[in-house]
Amino acid sequence: MTESHSIRHMNLNKLMKQAQKMQEQMSKTQAELEKQTIEVSAGGGKVKVTANGAGDIIAIKIDREVVDPDDVEFLEEIVLSAVKQAVQQGKALAQSEMTKITGGLGIPGLQ
């Protein structure tokens, strides 16, 4: 084994260990993100949507006042808007947490 070959081998081992550590951190962070919540309100607070840091919707609250049988479309628009915002904020939170771990390496599939 030449000296340069053994150095490359050591670097590869070091890289593999770093990758494994990063993977562990990411799994841990993902679990923590699922516990964090983001609440978004729309329609002047009449509709509230709660998402977690994984971007999953976990609750929707709708105030009785905003439920108008003659204008269901309005309610649908408010709910859709709040859901989109909640998912977007959840994903943004996850992205920023993952970037802290990867150091902005831009590894495909981790966004």
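If I filter region 38-52 for residues that are closer than 18 Å to GLU97 by Cβ, of a type in the set (D, E, K, R) and either at pLDDT below 90 or buried (at least 16 other Cβ atoms within 10 Å of the Cβ) (or both), do I get at least one hit?
Checked region 38-52: no residue is closer than 18 Å to GLU97 by Cβ, of a type in the set (D, E, K, R) and either at pLDDT below 90 or buried (at least 16 other Cβ atoms within 10 Å of the Cβ) (or both).
Looking at region 36-51, can you tell me whether even one residue there is of a type in the set (D, E, K, R) and either touching a Leu at 6+ places or on another chain (Cβ under 6 Å) or in contact (Cβ under 8 Å) with a residue 40 or more places away in the chain (or both)? Lay out the reasoning, then the answer.
Here is the first cut: in region 36-51, the residues of a type in the set (D, E, K, R) are 39, 46, 48.
Subsequent filtering for residues that are either touching a Leu at 6+ places or on another chain (Cβ under 6 Å) or in contact (Cβ under 8 Å) with a residue 40 or more places away in the chain (or both) retains 39.
For region 36-51, residues of a type in the set (D, E, K, R) and either touching a Leu at 6+ places or on another chain (Cβ under 6 Å) or in contact (Cβ under 8 Å) with a residue 40 or more places away in the chain (or both): present.
Inspect region 62-75 for any residue being surrounded by fewer than 17 Cβ atoms within 10 Å (Cβ to Cβ), over 16 Å from the mean Cα position of the chain (by Cα) and among the basic types (Lys, Arg) and give the result as yes or no. Working first, answer last.
We begin by selecting, within region 62-75, every residue surrounded by fewer than 17 Cβ atoms within 10 Å (Cβ to Cβ); these are 62-65, 67-74.
If we keep only those that are over 16 Å from the mean Cα position of the chain (by Cα) too, we end up with 62-65, 67-74.
Cutting the leftovers down to among the basic types (Lys, Arg) gives us 64.
Within region 62-75 (the criterion being surrounded by fewer than 17 Cβ atoms within 10 Å (Cβ to Cβ), over 16 Å from the mean Cα position of the chain (by Cα) and among the basic types (Lys, Arg)), the answer is yes, since at least one residue qualifies.
May I ask you to say which residue of ALA82, ALA59 is touching a Ser or Thr at 6+ places or on another chain (Cβ under 9 Å), modelled with pLDDT of 90 or more, among the hydrophobic types (A, V, I, L, M, F, W, C) and exposed (fewer than 14 other Cβ atoms within 10 Å of the Cβ)?
Working: ALA82 fails: exposed (fewer than 14 other Cβ atoms within 10 Å of the Cβ).
Answer to the selection: ALA59.
Evaluate the following for MET1: is it modelled with pLDDT under 90 and surrounded by 14 or more Cβ atoms within 10 Å (Cβ to Cβ)? Spell out the reasoning first.
Values: modelled with pLDDT under 90: yes; surrounded by 14 or more Cβ atoms within 10 Å (Cβ to Cβ): no.
No; evaluated as a whole, the condition is false for this residue.
The values are calculated or read from the model by the stated rules, or taken from the named source; none is laboratory data. Please read all numbers here as calculations on a predicted model, not as lab measurements. All Cβ positions, glycine included, derive from the backbone under ideal geometry; neighbour counts span all protein chains shown.
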